[in-house]
Every structure is written in C-alpha cells, then in structure tokens.
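What follows draws every value from the coordinates through simple rules; no lab data is involved. On a predicted model such as this, the values are computed, not experimentally measured, just so you know. Reconstructed Cβ throughout: ideal geometry from the backbone, glycine too, with neighbour counts over all protein chains shown.
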Amino acid sequence: MALQPCACTSERGARRRILLVEDEPFVREATCSILLNAGFEVLPAEDAYEAMQVFEECGQKIDLVMTDMVLPGRTGQQLGQDLRERTPEVAVLVTSGYGEAAYETESPETHTYFLAKPYSRRSLVEKIGTILGIAFRAAKQAG
C-alpha cells in the first residue's frame with residue numbers, strides 16, 4: 001500500500017493536517033493508517049527533502065509535523081529547526097526508538113515534542129491531541 005501526499009487545497013476542512021516524515025515504509029504506512037483512522041489528514045514524506053517540498057507547498061495548512069529523529073541526510077530535530085525558520089509556530093513531534101536520551105527535552109515554548117517508539121495507537125493519538133489542544137475522543141470522532 002503506497003501512500004502519496006495529497007494535494008494541498010486553499011481551503012482546509014475541519015480535519016487537522018499532519019506532515020508525517022518517516023523513512024521506514026512499514027512504519028510510515030502503519031502510522032498513516034492510525035492517523036487517518038483517528039480523523040487526521042496525513043501528508044506522508046519519506047525523508048527530510050520530500051518533507052521540505054511538501055511543507056513549501058502546504059506549510060501554512062499543516063497543523064503538526066511528525067518526524068522520526070533519524071532520517072537520511074538530516075535529523076528530525078534539524079528538519080524541525082528548518083521548518084520553524086519558515087513558520088515559527090509549527091508544532092514538531094519527534095519520534096525515536098533510541099529513547100528520550102537521544103532527544104533533548106520537550107519544549108512547548110518552541111512547539112517541540114517527543115514520543116518514544118514503539119508507541120501505541122492510543123499514546124500517539126493522545127499525544128497529538130495534547131499538542132493540538134484537542135481531546136482524544138474528539139480526534140477519534142473527527143473526519
């Protein structure tokens with residue numbers, strides 16, 4: 001199942017839009033499925049370069065960037081910094097299987113958050129709900 005980024009439209013619906021950056025195809029597809037089923041719109045990207053292209057096209061219409069810490073050529077943290085140079089208020093959720101020690105600390109002031117892998121569907125949706133200020137139940141029923 002190959003998921004492709006959906007085209008950005010000028011008018012975004014009530015669904016929250018997430019740019020998902022994950023270089024492992026299985027993890028990307030599974031996470032897309034979780035997020036879609038939770039009522040989010042998902043723009044998948046397999047690396048930082050593709051994510052920058054999608055963000056350039058859709059940046060103002062993206063509610064959250066969810067990125068793996070380890071990506072080909074750049075870290076998720078570097079990608080988040082690059083995106084914040086363009087849109088300072090964009091929220092970035094960094095995920096890693098190496099544990100929280102691999103990532104500094106969460107910083108709501110800079111809209112930077114962390115979630116350890118492996119994560120459950122529930123913990124992922126709740127974390128995103130917290131970041132975006134929506135209740136888990138609302139995210140689950142959206143769409």
### Task
List every residue whose amide H lies under 5 Å from the amide H of residue 43, counting only residues 5 or more places away in sequence or on a different chain, with H placed 1.01 Å from N in the peptide plane.
18, 19, 20
### Query
If you plug each phi of region 46-52 into the Karplus form 6.51 cos²θ - 1.76 cosθ + 1.60 with θ = phi - 60°, what whole-Hz ³J(HN,Hα) values come out, in order, with x for Gly and Pro?
9, 7, 5, 4, 5, 4, 5
### Query
In whole Hz, what ³J(HN,Hα) sequence does region 15-31 give by Karplus (6.51, -1.76, 1.60; θ = phi - 60°), x for Gly and Pro?
5, 7, 9, 10, 8, 9, 10, 8, 7, 7, x, 5, 5, 4, 5, 5, 5
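Ranked from highest to lowest mean number of other Cβ atoms within 10 Å per residue, what is the order of the peptides 15-24, 117-126?
Details: 15-24: 21.8, 117-126: 14.6.
Going by the mean number of other Cβ atoms within 10 Å, highest first, we get 15-24, 117-126.
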